[in-house]
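Structure first, commentary second.
The values are calculated or read from the model by the stated rules, or taken from the named source; none is laboratory data. All values reported here derive from a predicted model rather than from experimental measurement. Virtual Cβ from ideal backbone geometry, glycine too; neighbours counted across all protein chains shown.
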Amino acid sequence: MAAIGFDVYGTLVDPLDMERHLRALLGGQAGPFAARWREKQLEYTFRRGLMRNYLPFDRCTAQALRATIRALGAEMSEADQARLLAQYRELPPFPDALPSIARLKAAGHTVVAFSNGVEATVRALLDHAGILPVLDGVISVDDLRTFKPDPAVYIYLARRVNQPIAETWLVSGNPFDVIGAKTVGLRAAWVRRNPDAVFDPWGIEPDCVVTNLDAFADQMAADFDMST
């Protein structure tokens, strides 16, 4: 059986659902704001990882929110910002997340969350989403004080699940995450939830590309059925 690390933000839960909360504050600007906030959040983790100037993911999220407010010239009170950050800790799961992970666990695979987020925050988020009880664990890169796609974090995932690197899977909706995992030798699946999404043309390809986690569970069932 395999050990599988599931990325959280963009794979198990949907950061762009923040558009729903932003709509009352920003109207038609809510969608672009949510997308830019997410992009800026990831940019800050990349930059801090490279600069070795670590701040926890929650702080990066808050700084990205303030940067997006400035960039888009939005009017937003401190109370509204605090409310949005609280709502970010209650992002909804994608509908396929819980049943697919439960199915993989029932088949005998080790299933863990593997996130840039601080462990306590991720546990609370996944508990709210109903996913935490079916997981075998939560692994945070905060333990290493760096961020994906630092090679060290993927090696750490394999060590924490007590599997060889080549027998450890990463499942992520983020191409940079998949490329990071493949670079150090993990197996990786790209969850291409958006049909318009493009995988980086770096000559590094996922082991499989699926449109949702149900399809990944189907793929694993077929692979392990063939191996028996």
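Please indicate, with yes or no, whether at least one residue in region 130-148 is in contact (Cβ under 8 Å) with a residue 24 or more places away in the chain, surrounded by 20 or more Cβ atoms within 10 Å (Cβ to Cβ), among the hydrophobic types (A, V, I, L, M, F, W, C) and touching a Pro at 6+ places or on another chain (Cβ under 7 Å).
yes
Does Leu12 count as crowded, with 18+ Cβ neighbours inside 10 Å, in contact with a Pro (Cβ under 7 Å, 6 or more places away or on another chain) and closer than 30 Å to Asp223 by Cβ?
On the way: crowded, with 18+ Cβ neighbours inside 10 Å: yes; in contact with a Pro (Cβ under 7 Å, 6 or more places away or on another chain): yes; closer than 30 Å to Asp223 by Cβ: yes.
Spelling it out, Leu12 is indeed crowded, with 18+ Cβ neighbours inside 10 Å, in contact with a Pro (Cβ under 7 Å, 6 or more places away or on another chain) and closer than 30 Å to Asp223 by Cβ.
Consider only pairs whose beta carbons are under 8 Å apart and that are at least six residues apart or on different chains; among these, list those whose first residue lies in region 175-188 and is in the same structural domain as Tyr156 (by TED's automatic domain parsing) and whose second residue is basic (Lys, Arg).
Phe176/Lys148; Asp177/Lys148; Gly180/Lys148; Ala181/Arg187; Ala188/Lys182
When you go through (1) at pLDDT below 95; (2) assigned by TED's automatic domain parsing to the domain that holds Tyr156 one by one for Glu75, which number turns out not to apply?
(2)
Would you mind stating whether Ile155 is assigned to a helix (DSSP H, G or I) and out of contact with any Pro (no Cβ under 9 Å at 6 or more places or on another chain)? Full working, then the answer.
Working: assigned to a helix (DSSP H, G or I): yes; out of contact with any Pro (no Cβ under 9 Å at 6 or more places or on another chain): yes.
In short, yes.
Filtering region 171-228 down to residues that are in contact with a Gly (Cβ under 7 Å, 6 or more places away or on another chain) and assigned to a loop (DSSP other than H, G, I, E, B), which residue is surrounded by the most Cβ atoms within 10 Å (Cβ to Cβ)?
So the residue we want is Gly173.
Just need a number here: residues in region 154-171 that are under 10 Å from Val184 (Cβ atoms) and free of Cβ contacts under 8 Å to residues at least 12 places away in the same chain.
Summing the residues that are under 10 Å from Val184 (Cβ atoms) and free of Cβ contacts under 8 Å to residues at least 12 places away in the same chain in region 154-171 gives 0.
Need at least 3 residues that are more than 21 Å from the chain's Cα centre (by Cα) per element, so show me which helices (runs of 4 or more DSSP H) inside region 1-120 make the cut, counting only ones lying wholly within it. Can you show your working first?
Working: elements: 18-26, 30-51, 57-72, 78-88, 97-106.
By residue number, 18-26, 57-72, 78-88.
Can you tell me how many residues in region 1-11 are out of contact with any strand residue (DSSP E or B) (no Cβ under 6 Å at 6 or more places or on another chain) and modelled with pLDDT of 95 or more?
Final tally of qualifying residues: 2.
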